[in-house]
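Peer 1: Structure in structure tokens, see below.
The values are calculated or read from the model by the stated rules, or taken from the named source; none is laboratory data. Not measured: the values here are computed from a predicted model. Here the Cβ positions follow ideal geometry from the backbone for every residue, glycine too, while neighbour counts run over all protein chains shown. Each accessible area value is taken on the protein alone, full model and side chains, heavy atoms only, with ligands, DNA and RNA left out. Shrake-Rupley method; radii C 1.70, N 1.55, O 1.52, S 1.80 Å.
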2 protein chains.
Amino acid sequence: MKLATLKDGTRDGQLIIVSRDLKTAQVADGIAPTLQRALDDWGFIAPQLDEAYRLLNDGKGRRSFDFDPANCMAPLPRAFQWAGGAAYVNHLELVHAARNAELPESFRDEPLMHQGAGDDFLGPRDDIALPREEWGIDFEAGIAVVTDDVPMGATPDEAHQQIRLLMLVNDVSLRKLMPDELAKGFGFPQSKPATGFSPVAVTPDELGDAWKGGKAHLPLRSSWNGKPVGQPNAGVDMAFNFPQLIAHLAMTRNARAGAIVGSGAVSNKDAKKGYSCIAEKRCLELIADGEASTPFMVFGDTIRIEMLDADGKSIFGAIEQTVKQTDLRKPR
Amino acid sequence: MKLATLKDGTRDGQLIIVSRDLKTAQVADGIAPTLQRALDDWGFIAPQLDEAYRLLNDGKGRRSFDFDPANCMAPLPRAFQWAGGAAYVNHLELVHAARNAELPESFRDEPLMHQGAGDDFLGPRDDIALPREEWGIDFEAGIAVVTDDVPMGATPDEAHQQIRLLMLVNDVSLRKLMPDELAKGFGFPQSKPATGFSPVAVTPDELGDAWKGGKAHLPLRSSWNGKPVGQPNAGVDMAFNFPQLIAHLAMTRNARAGAIVGSGAVSNKDAKKGYSCIAEKRCLELIADGEASTPFMVFGDTIRIEMLDADGKSIFGAIEQTVKQTDLRKPR
């Protein structure tokens with residue numbers, strides 16, 4: 001099943017059901033007004049959505065219309081929980097190697113995770129609006145799951161059963177603000193600005209055999225200013241799978257329905273697979289050449305993030321965002 | 001105006017209006033079903049709530065009933081944004097002095113802030129349910145504001161205008177898990193479990209002259225197992241006021257309606273005012289005696305947090321929580 005949220009002027013938008021080929025859609029209004037409301041009562045709501053989804057795919061949708069990602073908010077336009085993991089240890093190894101530091105052994109035993117903010121998500125075609133290029137604007141292409149209720153102390157196996165949806169995520173990062181925040185130890189309230197998401201969220205069965213062992217075994221494709229820069233396989237070199245990431249989050253708390261847990265930048269040890277964030281490219285340059293030559297994003301830059309199935313068809317639709325200078329009324 | 005949320009079996013509860021003396025309440029159903037919905041459209045909704053509040057205080061409430069904090073969820077049972085500041089630098093100075101470290105100069109120039117999780121808040125009488133005492137369970141008494149929409153780049157003055165409500169907060173912390181998470185730099189996804197809030201949220205005018213300069217100039221009273229342990233004045237030694245904390249959060253993002261921003265543990269330089277968290281008491285002991293003798297909380301311990309006005313009347317009602325061992329189905 002594929003779900004999206006239509007811009008309708010409200011904060012939570014309008015839940016729509018999207019056909020498997022991403023061509024048509026219909027409003028889910030008679031079933032659930034918003035995706036959060038559907039997740040709040042998934043056991044009851046999901047079968048109804050699924051029934052409508054099957055009819056839509058059979059060309060029997062009710063008042064269906066052409067699906068346009070440009071009219072979409074993030075599938076969850078706001079969320080009560082957004083935790084970003086760093087599951088691809090290769091990414092961490094590169095960052096450490098670039099500054100001649102050893103990766104702490106604990107980083108291999110236990111996932112790194114930051115708590116994100118859920119009040120201001122970006123739709124798949126929304127601008128990355130920021131006032132300053134010198135903050136080091138970087139995309140970060142990853143995958144995220146949306147969970148049902150996960151009780152405190154859930155094991156990875158238990159957490160696995162609570163995964164309801166998958167999305168693509170652009171966990172935008174401000175690299176030049178990050179060292180200071182890392183040094184403070186309190187996380188990234190400033191260096192992780194608003195996060196972007198794919199047009200649709202899909203149930204894991206939409207990935208078929210590619211969803212296995214709590215991982216999505218398909219390449220995640222990033223194009224920066226139209227040029228392909230990365231296609232690492234999200235199922236390769238993922239040191240902690242989604243069930244483990246969720247269990248990490250839920251060790252001391254309940255994670256509640258609609259919680260989003262991200263993978264971090266997808267990264268393969270095979271450097272030929274390219275990169276899912278500029279920081280990683282710069283680390284490789286630093287290690288090879290002694291200096292990072294690729295600049296971060298500038299105003300006007302675009303980033304496209306997409307995942308295709310084995311037949312070359314887009315699963316989630318594409319994130320396509322442009323970095324744009326904001327008009328702050330008063331410069332700080 | 002005073003607002004609370006009644007437990008009604010739903011995830012967001014039922015918005016109620018509470019009389020100034022905290023004795024009676026009435027359902028706000030005809031106006032807004034939940035506090036988040038009220039905040040989503042505050043300019044339109046607040047005047048209607050305020051009119052009902054005035055009638056309730058005049059004894060003219062409609063279908064009013066006795067107010068019982070035991071039936072309350074957190075005023076916002078879940079929130080899209082919960083950012084905890086560390087605005088009382090004395091607290092940070094003690095923590096650093098206890099380990100013979102200098103407080104970094106930057107900690108005086110810019111607020112420390114961690115991103116919290118908003119999906120699983122605790123009501124004022126809900127148990128602090130955790131499986132392990134050895135995690136170092138600590139209360140942390142503070143104040144929090146709830147904002148309206150705050151645009152990215154808002155100045156402190158602009159942020160000040162967007163403060164809608166005040167609450168008391170028990171930002172429960174797991175002290176023994178904190179050093180490892182601090183070292184990783186990614187914040188506190190595990191060492192900050194579910195957060196508790198006061199029975200009611202109040203508009204700033206309810207504090208009268210005590211709300212001044214973006215600070216609440218009244219003592220915050222904490223009693224641990226019935227024994228008063230702290231009454232520091234929340235308006236004293238607050239190095240960053242709420243407008244500054246909000247502006248810090250909003251530097252690189254919009255903060256949206258219903259965002260909660262906390263002060264951190266209230267702490268005065270005058271040690272006679274006691275403490276708002278056990279960690280601070282232990283730091284004082286470590287500095288004076290070379291070892292921390294006060295243990296953290298154990299199962300069965302209680303914590304009461306309250307703020308009284310100049311006439312000795314409770315403004316927010318009291319947080320009264322008991323630490324309780326959870327029954328995890330499967331121990332981890």
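Peer 1: Failed condition for A:Lys281, given (1) touching a Phe, Trp or Tyr at 6+ places or on another chain (Cβ under 6 Å); (2) open to solvent by less than 50 Å² (accessible area, probe 1.4 Å), with all others met?
Peer 2: (2)
Peer 1: Taking B:Pro219 as the residue in question, decide whether it is of a type outside the set (Asp, Glu) and touching a helix residue (DSSP H, G or I) at 6+ places or on another chain (Cβ under 6 Å).
Peer 2: Details: of a type outside the set (Asp, Glu): yes; touching a helix residue (DSSP H, G or I) at 6+ places or on another chain (Cβ under 6 Å): no.
No: the conditions fail for B:Pro219.
Peer 1: Being open to solvent by less than 50 Å² (accessible area, probe 1.4 Å), at pLDDT 95 or above and farther than 27 Å from A:Gln161 by Cα is true for just one of A:Ile319, A:Ile315, A:Ile260. Which residue is that?
Peer 2: On the way: A:Ile315 fails: farther than 27 Å from A:Gln161 by Cα; A:Ile260 fails: farther than 27 Å from A:Gln161 by Cα.
Going through A:Ile319, A:Ile315, A:Ile260 in turn, the sole match is A:Ile319.
Peer 1: Going through A:Val236, A:Val229 one at a time, which residue ends up being assigned to a strand (DSSP E or B) and farther than 23 Å from A:Asp119 by Cα? Give the steps one after another, and end with the answer.
Peer 2: Values: A:Val236 fails: assigned to a strand (DSSP E or B).
Result of the check over A:Val236, A:Val229: A:Val229.
Peer 1: Check every one of the strands (runs of 3 or more DSSP E) wholly within region A:253-332 and list those with 2 or more residues that are closer than 30 Å to A:Gly153 by Cβ and within 14 Å of chain B (Cβ to nearest Cβ).
Peer 2: Details: elements: A:260-262, A:302-306, A:319-325.
Because the criterion is at least 2 residues that are closer than 30 Å to A:Gly153 by Cβ and within 14 Å of chain B (Cβ to nearest Cβ), the strands (runs of 3 or more DSSP E) in region A:253-332 that meet it are A:260-262.
Peer 1: If I filter region A:57-78 down to residues being not in a loop (DSSP other than H, G, I, E, B) and not aliphatic (A, V, I, L, M), which single residue comes out as least open to solvent (accessible area, probe 1.4 Å)? Reasoning before the result, please.
Peer 2: At the first step, the residues of region A:57-78 found to be not in a loop (DSSP other than H, G, I, E, B) are A:57, A:65-66, A:69-73.
Still in the running and not aliphatic (A, V, I, L, M): A:57, A:65-66, A:69, A:71-72.
Details: A:Asn57: 57, A:Phe65: 68, A:Asp66: 125, A:Pro69: 26, A:Asn71: 78, A:Cys72: 1 Å².
Applying the filter and picking the extreme gives A:Cys72.
Peer 1: While we're here: A:Arg221 passes all but one of (1) of a type in the set (Lys, Arg); (2) surrounded by fewer than 20 Cβ atoms within 10 Å (Cβ to Cβ); (3) away from chain B (no Cβ under 14 Å); which number fails?
Peer 2: So the condition that A:Arg221 fails would be (2).
Peer 1: Filter region B:8-28 down to the residues that are assigned to a strand (DSSP E or B) and within 20 Å of the chain's Cα centre (by Cα), then identify the one that is surrounded by the fewest Cβ atoms within 10 Å (Cβ to Cβ).
Peer 2: Applying the first criterion (assigned to a strand (DSSP E or B)) to region B:8-28 yields B:14-18, B:24-27.
Still in the list and also within 20 Å of the chain's Cα centre (by Cα): B:15-18.
Working: B:Leu15: 23, B:Ile16: 26, B:Ile17: 29, B:Val18: 27.
Among those that are assigned to a strand (DSSP E or B) and within 20 Å of the chain's Cα centre (by Cα), it is B:Leu15.
Peer 1: In addition: Go through the residues of region B:211-229 one by one and say whether even a single one is in the same structural domain as B:Asn170 (by TED's automatic domain parsing), farther than 29 Å from B:Met297 by Cα and touching a His at 6+ places or on another chain (Cβ under 8 Å).
Peer 2: yes
Peer 1: Which members of region B:156-187 meet the condition of being open to solvent by less than 10 Å² (accessible area, probe 1.4 Å) and facing chain A (nearest Cβ under 9 Å)?
Peer 2: B:Leu174, B:Gly185, B:Gly187 - these are the residues of region B:156-187 that are open to solvent by less than 10 Å² (accessible area, probe 1.4 Å) and facing chain A (nearest Cβ under 9 Å).
Peer 1: Is one or more of the residues making up region A:146-155 among the acidic types (Asp, Glu), within 10 Å of chain B (Cβ to nearest Cβ), surrounded by fewer than 20 Cβ atoms within 10 Å (Cβ to Cβ) and within 23 Å of A:Asn233 (Cα to Cα)?
Peer 2: Going residue by residue through region A:146-155, those that are among the acidic types (Asp, Glu) are A:148-149.
From the residues that got through so far, the ones that are within 10 Å of chain B (Cβ to nearest Cβ) too are A:149.
Next, only the ones that are surrounded by fewer than 20 Cβ atoms within 10 Å (Cβ to Cβ) stay: A:149.
The next check asks that each one be within 23 Å of A:Asn233 (Cα to Cα); those that pass are none.
Within region A:146-155 (the criterion being among the acidic types (Asp, Glu), within 10 Å of chain B (Cβ to nearest Cβ), surrounded by fewer than 20 Cβ atoms within 10 Å (Cβ to Cβ) and within 23 Å of A:Asn233 (Cα to Cα)), the answer is no, since none of the residues qualifies.
Peer 1: Could you list, in sequence order, the residues of region A:193-217 that are assigned to a loop (DSSP other than H, G, I, E, B) and surrounded by fewer than 21 Cβ atoms within 10 Å (Cβ to Cβ)? Even if it seems obvious, please write down each step before you answer.
Peer 2: Our first condition is that a residue be assigned to a loop (DSSP other than H, G, I, E, B); within region A:193-217, this holds for A:193-195, A:198-200, A:203, A:213-214, A:217.
Scanning region A:193-217 gives A:Thr203, A:Gly213, A:His217.
Peer 1: If you take the residues in region B:109-144 that are modelled with pLDDT under 95 and open to solvent by 30 Å² or more (accessible area, probe 1.4 Å), which one is nearest to the other protein chains (Cβ to nearest Cβ)?
Peer 2: The residue in question is B:Glu110.
Peer 1: Now for a different question. So, in region B:87-103, how many residues would count as being of a type in the set (Gly, Ala, Ser), within 14 Å of chain A (Cβ to nearest Cβ) and in contact (Cβ under 8 Å) with a residue 24 or more places away in the chain? So that I can check it myself, show each step before the final result.
Peer 2: Here is the first cut: in region B:87-103, the ones of a type in the set (Gly, Ala, Ser) are B:87, B:97-98, B:101.
Retained after the next criterion (residues that are within 14 Å of chain A (Cβ to nearest Cβ)): B:87, B:101.
Now narrow it down to the ones that are in contact (Cβ under 8 Å) with a residue 24 or more places away in the chain: B:87.
Number of matching residues: 1.
Peer 1: Is there a residue being among the charged types (D, E, K, R) and in contact with a Ser or Thr (Cβ under 7 Å, 6 or more places away or on another chain) anywhere in region B:179-198? Show your work before the answer.
Peer 2: Just the residues of region B:179-198 that are among the charged types (D, E, K, R), to begin with: B:180-181, B:184, B:192.
Next, only the ones that are in contact with a Ser or Thr (Cβ under 7 Å, 6 or more places away or on another chain) stay: B:181, B:192.
Yes, there is a match, as at least one residue in region B:179-198 is among the charged types (D, E, K, R) and in contact with a Ser or Thr (Cβ under 7 Å, 6 or more places away or on another chain).
Peer 1: Still on this model: Any residue that is in a helix (DSSP H, G or I), open to solvent by less than 20 Å² (accessible area, probe 1.4 Å) and in contact with a Gly (Cβ under 8 Å, 6 or more places away or on another chain) - is there at least one of those in region B:43-56?
Peer 2: Yes - at least one qualifying residue is present in region B:43-56.
Peer 1: Do we find that B:Ala288 is small (Gly, Ala, Ser) and at pLDDT 95 or above in this structure? Write out each step before concluding.
Peer 2: Numbers: small (Gly, Ala, Ser): yes; at pLDDT 95 or above: no.
In short, no.
Peer 1: Considering (1) buried (at least 19 other Cβ atoms within 10 Å of the Cβ); (2) within 12 Å of chain A (Cβ to nearest Cβ), say which one B:Ser106 fails and leave the rest.
Peer 2: Every listed condition holds for B:Ser106 apart from (1).
Peer 1: Here's something else I'd like to know. Residues B:Thr195, B:Thr203: which one is away from chain A (no Cβ under 13 Å), in contact (Cβ under 8 Å) with a residue 12 or more places away in the chain and farther than 30 Å from A:Thr326 by Cα?
Peer 2: Details: B:Thr195 fails: away from chain A (no Cβ under 13 Å).
B:Thr203 is the lone residue from the list that is away from chain A (no Cβ under 13 Å), in contact (Cβ under 8 Å) with a residue 12 or more places away in the chain and farther than 30 Å from A:Thr326 by Cα.
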